[in-house]
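The values are calculated or read from the model by the stated rules, or taken from the named source; none is laboratory data. Quick caveat: nothing in here was measured; it's all calculated off a predicted structure. So basically every Cβ, Gly included, is an ideal-geometry build from the backbone, and we count neighbours across all protein chains shown. Heavy atoms of the whole protein, side chains included, go into the accessibility calculation; ligands, DNA and RNA do not. Shrake-Rupley method; radii C 1.70, N 1.55, O 1.52, S 1.80 Å.
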Amino acid sequence: MALVNEHFLKLPDSYLFSDIAKKINTFKVTHPKDKVISLGIGDVTRPLPKAVIEAMHKAVDEMAVRDTFRGYGPEQGYSFLIDAVIKNDFVPKGIHFEPGEIFINDGAKSDTGNIGDILRHDNSIGVTDPIYPVYIDSNVMCGRAGTLENGKWSNVTYIPCRSENGFIPEIPENRIDILYLCYPNNPTGTALSKQELKKWVNYALSNDTLILFDAAYEAYIQDSDVPHSIYEIKGAKKCAIEFRSFSKTAGFTGVRCGYTVVPKEVSAATLTGERIPLNRLWNRRQCTKFNGTSYITQRAAEAVYSAEGQMQVKEIIQYYMTNARIMKTGLSETGLEVYGGENAPYLWVKAPDGLSSWKFFERMLYEANVVCTPGVGFGPSGEGYARLTAFGDRDDCMEAMFRLKKWLR
Ligand SMILES: *Cc1c(COP(=O)(O)O)cnc(C)c1O
């Protein structure tokens, strides 16, 4: 008899996006004439940059010819892409990595979910709350999150980020073995200054905590005071693994490419206290369970770093960030409390009059025909908030702001 991994059975089914879809469908059926604008999606909408498309076409043609055909590539990624990553994302910031410290992957979701493979099942976990659900759910699947009690997992420390603390997470009193940080943040759209991030690196160094730093939105940073990489902070190479993605940076959500940085210095302990470099374990894990990102995709990612690619990517990000600015101004004019949107493509809106996230969602849908994502779907501290994304079309963003103003006036 095959037995299931019963930890999976503890996971409540994730109904967030299907519940939203159901409610939108009900609305559409009962209000066939009303056009709904969705600012709920967390996916990009602009097409891929031209430089990326050209690189992909060229790579496809290479695959068609005997002499340039490629089969299996290195599990860790091709050196042309690893070198481009190091040279463009880190060297200009004075950060140096060896090629063996960069692991190319098929997106940050895989690795933020898989990294737990190399860590014991009984480490304690910390997350800022609200948060990208992958971090907690992937720990539930291997039993590391404990049991669900009143909407919280027993082995997870939730670090609340709400308007009361300006969405700046406070250092917890207990120590944490593994801490997930995502900055700029999904869903709140807020960022951490260098000074704030430094506090966490220092906490990690003095508590022997491993930081798993998700920098999927670093390309959206506008303020010079906000670090693009955790390795801009001294000491981070000893305590942090960083996840990057081309998804939001260059529209790769459907192409699939990202990378993980596992510095040679970062280590974790055995029960007897021996220090084991995590780079070695992660390399072993990848070589066993992953056969590399496709050659065509890696050539596409390489093109992001070309001069044209950089220009085109900046233009797309500007488009989304102009949406964000229009939305932030528009939402402020409605009298709603709105956060984020300055270094990230997300706006985090406080529901008025103490409405719950779901009530706010329903009223926005029925009274303004605008779709948001209920904040409580991202964790207990998201209750009473909603997320709006700047990934839509400009006209839709402007029309949505017009409707929200009319609704709340
Ligand atoms: C979108 C997103 C990612 C990127 O995931 P990919 O698998 O690279 O597409 C990673 N982390 C967060 C928080 C995200 O919102």
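One-quarter of the Cα convex hull surface for the range 275-409, in nm²?
Mean shadow area of the hull around the Cα atoms is 12.5 nm².
Suppose we take every Cα in the range 86-174 and form the convex hull; what volume per residue is that in Å³?
That works out to 161 Å³ per residue.
Keeping all protein chains in place, calculate the accessible area per residue for the chain (probe 1.4 angstrom), answer in Å².
Dividing the accessible area of the chain by its residue count gives 46 Å².
Using +1 at the C-beta of Lys and Arg and -1 at the C-beta of Asp and Glu, which of Thr334, Tyr203, His57 has the Cα lying farthest in the positive direction of the dipole of the chain?
Thr334
Suppose R0 equals 41 Å; then what is the FRET efficiency for Lys28 and Ser154 from their Cβ-Cβ distance, rounded to the nearest 0.05?
According to the calculation, E is roughly 0.50.
I'd like the distance separating the alpha-carbon centroids of the range 301-334 and the range 265-298, in whole Å.
Spelled out, the Cα-based centre of one part sits 34 Å from the other.
For the range 253-311, compute the orientation-averaged projected area of the C-alpha convex hull (one quarter of its surface), in nm².
Spelled out: convex hull of the Cα atoms, projected over all directions, averaged, 6.0 nm².
Looking at the calculated P(r) for the range 53-307, what percent of the C-alpha pair distances fall above 28 Å?
So the portion of pairs separated by more than 28 Å is 33 percent.
Roughly speaking, to the nearest percent, how much of the range 209-298's 1.4 Å accessible area is carbon and sulfur?
After summing per-atom areas, the C and S share lands at 50 percent.
When the C-alpha atoms of the range 208-273 are aligned to their principal axes, what extent does each axis show, in angstrom, from largest down?
45, 30, 15
Where in the range 197-228 does the amide nitrogen come within less than 15 Å of the point 7 Å from the Cα of Arg275, taken along Cα to Cβ?
In the range 197-228, the label zone of Arg275 (backbone N under 15 Å from the point 7 Å along Cα→Cβ) covers 204-211.
Let me check the size of the range 31-93 from its C-alpha atoms; what are the radius of gyration and Dmax in Å?
In Å, with Rg to one decimal and Dmax whole: 19.5, 59.
Using per-residue counts of other Cβ atoms within 10 Å, averaged over each peptide, order 43-56, 202-215 from highest down.
So the order, starting with the most tightly packed, is 202-215, 43-56.
Write down Rg/Rh for the range 1-128, rounded to two decimals, with Rg from the C-alpha atoms and Rh from the Kirkwood relation over Cα pairs.
Looking at the range 1-128, the ratio lands at 1.08.
Order 85-93, 130-138 from most to least packed using the mean count of other Cβ atoms within 10 Å.
Per-residue mean Cβ counts within 10 Å order the peptides as 130-138, 85-93.
Taking a cut-off of 12 Å between Cα atoms, list the aspartates and glutamates near Lys237, but don't count ones fewer than 8 places away on the same chain.
Result set, ordered by chain and number: Glu101, Glu265.
Round to a whole angstrom and tell me the spacing of the C-alpha centers of the range 154-193 and the range 371-407.
When both Cα centres are located, 22 Å separates them.
Assign one of three labels to the range 336-404, namely rounded, prolate or oblate, based on the Cα gyration tensor with a ≥ b ≥ c the square roots of its eigenvalues; rounded applies when a/c is under 1.5, prolate when it is not and a/b is larger than b/c, and oblate otherwise.
oblate
Which order do peptides 238-244, 139-145 fall in by mean Cβ count within 10 Å, highest first?
Going by the mean number of other Cβ atoms within 10 Å, highest first, we get 238-244, 139-145.
Let me have the relative contact order for the chain, percent, based on Cα pairs under 8 Å that are six or more residues apart.
23 percent
May I ask you to give the percent of accessible area on the range 307-351 that is carbon plus sulfur, with a probe radius of 1.4 Å?
54 percent
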